[in-house]
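The values are calculated or read from the model by the stated rules, or taken from the named source; none is laboratory data. For clarity, every value in this text was computed on a predicted model and none was experimentally measured. Neighbour counts are summed over all protein chains in view; Cβ atoms, including those assigned to glycine, are modelled from backbone coordinates with ideal geometry.
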Amino acid sequence: MIRSLALHEGKRDVDHITCRAVEDWFFGPEPLCSAMLAEWRGEVAGYIAWYPIFSPFKGSRVFLVENLWVEETARGSGSGRALLQALARKAQQQGIPRLELNVRADNESTRRFYSKLGFIYPGEHVCRIEDAAMTRLAHGPEALLEPSAPR
């Protein structure tokens, strides 16, 4: 399902997404992420993967939903809603006041789905740097400058 979501979003470099890697990410000695599965009609219908981050603005941890995927055959079954509801309950039980996620700007049907559940779009844009661009940033001439101490 992780590969399916990556391919659905146009990502082509998915060779690292193997069963062994997924086992390590979620069940290894130092799990990096948590997940829940949804079942529908006796089959796995989808999954949600998240991890806690800290929000200085909230003054607490929040859950960042990294992935939410529902198989095409199960869309409209309520599986996506059920996964988000289960995670919201888990967050509340742990005193975590917010779920946060990203959705592609061109994915109108998913944006409407999240809006119906009460998610808001605060007008912020996701910025990302990775791969070769991150290497250039990390090792460019400015990398020799030491950042100032936090205030």
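Listed values, structure above:
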{"item": "Odd one out for F57, checked against (1) out of contact with any Lys or Arg (no Cβ under 8 Å at 6 or more places or on another chain); (2) assigned to a loop (DSSP other than H, G, I, E, B); (3) within 20 Å of S4 (Cβ to Cβ); (4) free of Cβ contacts under 8 Å to residues at least 12 places away in the same chain", "result": "(3)"}
{"item": "Residue count, the range 64-85 (criterion: touching a residue at least 24 places away in the same chain (Cβ under 8 Å), in a helix (DSSP H, G or I) and not hydroxyl-bearing (S, T, Y))", "result": "6"}
{"item": "All positions within the range 1-35 that are among the acidic types (D, E) and either assigned to a helix (DSSP H, G or I) or over 18 Å from W69 (Cα atoms) (or both)", "result": "D13, D15, E23, D24, E30"}
{"item": "Scope the range 118-142; condition hydrophobic (A, V, I, L, M, F, W, C) and part of a loop (DSSP other than H, G, I, E, B); matching residues", "result": "F119, I120, V126, C127, I129"}
{"item": "Selected residue (criterion: surrounded by the fewest Cβ atoms within 10 Å (Cβ to Cβ)) from residues of the range 22-67 that are touching a helix residue (DSSP H, G or I) at 6+ places or on another chain (Cβ under 8 Å) and of a type in the set (F, W, Y)", "result": "W40"}
{"item": "Residues that are in a helix (DSSP H, G or I) and either within 12 Å of L68 (Cβ to Cβ) or at pLDDT below 95 (or both), drawn from the range 86-107", "result": "A86, L87"}
{"item": "Pairs with Cβ under 8 Å, 6+ apart, first in the range 117-139 and without any contact (Cβ under 8 Å) to a residue 60 or more places away in the chain and within 29 Å of R98 (Cα to Cα), second part of a helix (DSSP H, G or I) and among the hydroxyl-bearing types (S, T, Y)", "result": "Y121/S115"}
